[in-house]
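Enquirer: There's a structure below that I have some questions on.
The values are calculated or read from the model by the stated rules, or taken from the named source; none is laboratory data. As the structure is a prediction and not an experimental result, all values here were calculated from the model. Neighbour counts run over all protein chains shown; Cβ positions are idealised from the backbone, glycine included. These accessible areas exclude ligands, DNA and RNA; they are computed on the full protein's heavy atoms, side chains included. Shrake-Rupley method; radii C 1.70, N 1.55, O 1.52, S 1.80 Å.
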Amino acid sequence: MATGVQPRVKLPKTASAGDTITIRTLINHKMESGQRKDSDGNIVPRSIINRFTAEFNGHSVIDVQMEPAISSNPYFQFESTVPESGEFVFTWYDDDGDVYTLSRRIEVG
Amino acid sequence: MPMTRRDVIVLATGSVAAYGLNAVPARASAADDAIAAFTGGAEFADGGVVLDIPEIAENGNAVPISISADGAVAIMVFATGNPLPGVAKFSFGPLAASSFGSTRIRLARSQDVIAVAKMEDGTFRKTSRSVKVTIGGCGG
């Protein structure tokens, strides 16, 4: 599923130093579990996003290892500390080797 | 000897019972094995992990779930009644403001969902919740 994958992230644009912010992420992906059968009875091969990471200025916020039991269009919500201005980088790793990334700047005022 | 209807019924119920007895421990051990792979076989205490999941999930394809545990470095979620018990492992980095995560998961049928947290001191904690699923979420 290399085409049409559109990651989306929601987080504030500004924060105070040391603030806790809530981050929500969504990526459209059918997350084929490898358990389903097609109309001919053949197993549909597994094709999922198997890992999601969030980093801020190179430091890890969260690292999620995903199994086929994660619903399609995987959604995550988590909390991060913002010590300074900088850039969040969100990365999704697909079974087929594709890597989807999205970055967002946040300013500490 | 001709097979009577009674013989057939006895045979059928016997095989169903045998299947049931075999199937249940097999599933339980798959989940136990998965948990042991995460904990390295260490003992764990009950409680200390917040596992927020609806008691009744109408659609097993997307069941909202939140996990948190103060002082946890990682939390792993297991669905004991799914074909594969592992669901997701959340590892919290130095910038995580809290050991909290929320996502949506698939549940094949009514079952127990287990969250196991690895604490900073290397101990493990566990919380289990029973979920009733109206429509299973793993296709067929």
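Enquirer: Take region A:68-93 and flag every residue that is assigned to a strand (DSSP E or B) and either at the interface with chain B (Cβ under 7 Å from one of its Cβ atoms) or open to solvent by 10 Å² or more (accessible area, probe 1.4 Å) (or both). Outline the logic, then answer.
Expert: From region A:68-93, those assigned to a strand (DSSP E or B) are A:70, A:75-82, A:86-93; that's our starting set.
Hits for region A:68-93 are A:ILE70, A:TYR75, A:PHE76, A:GLN77, A:PHE78, A:GLU79, A:SER80, A:THR81, A:GLU87, A:VAL89, A:THR91, A:TYR93.
Enquirer: A further question follows. Need the failing condition index for A:GLY41 against (1) without any contact (Cβ under 8 Å) to a residue 24 or more places away in the chain; (2) open to solvent by less than 40 Å² (accessible area, probe 1.4 Å); (3) not in a strand (DSSP E or B), just the number.
Expert: All conditions are met except number (2).
Enquirer: Quick check: anything in region B:97-120 at the interface with chain A (Cβ under 10 Å from one of its Cβ atoms), surrounded by fewer than 16 Cβ atoms within 10 Å (Cβ to Cβ) and closer than 19 Å to A:SER72 by Cβ?
Expert: No, because not a single residue in region B:97-120 is at the interface with chain A (Cβ under 10 Å from one of its Cβ atoms), surrounded by fewer than 16 Cβ atoms within 10 Å (Cβ to Cβ) and closer than 19 Å to A:SER72 by Cβ.
Enquirer: Using the structure shown, decide if A:THR20 is open to solvent by 70 Å² or more (accessible area, probe 1.4 Å), closer than 17 Å to B:PRO94 by Cβ and part of a strand (DSSP E or B).
Expert: Details: open to solvent by 70 Å² or more (accessible area, probe 1.4 Å): yes; closer than 17 Å to B:PRO94 by Cβ: yes; part of a strand (DSSP E or B): yes.
Yes: the conditions hold for A:THR20.
Enquirer: Exactly one of (1) open to solvent by 50 Å² or more (accessible area, probe 1.4 Å); (2) not in a strand (DSSP E or B) is unmet by A:GLN65. Its number?
Expert: (2)
Enquirer: Here is a further query. Has region A:30-37 got at least one residue that is of a type in the set (S, T, N, Q), over 23 Å from B:ASN82 (Cβ atoms) and assigned to a loop (DSSP other than H, G, I, E, B)? Before the answer, list the steps.
Expert: At the first step, the residues of region A:30-37 found to be of a type in the set (S, T, N, Q) are A:33, A:35.
Imposing the further condition that a residue be over 23 Å from B:ASN82 (Cβ atoms) reduces the set to none.
No, that holds for no residue.
Enquirer: Still on this structure: Counting only residues that are within 26 Å of B:ALA96 (Cβ to Cβ) and either in contact with a Gly (Cβ under 6 Å, 6 or more places away or on another chain) or open to solvent by less than 30 Å² (accessible area, probe 1.4 Å) (or both), how many does region B:39-65 have?
Expert: 7
Enquirer: Which residue is least open to solvent (accessible area, probe 1.4 Å), if the candidates are limited to region B:66-96 and must be over 13 Å from B:LYS118 (Cα atoms) and more than 10 Å from chain A (Cβ to nearest Cβ)?
Expert: Applying the filter and picking the extreme gives B:GLY81.
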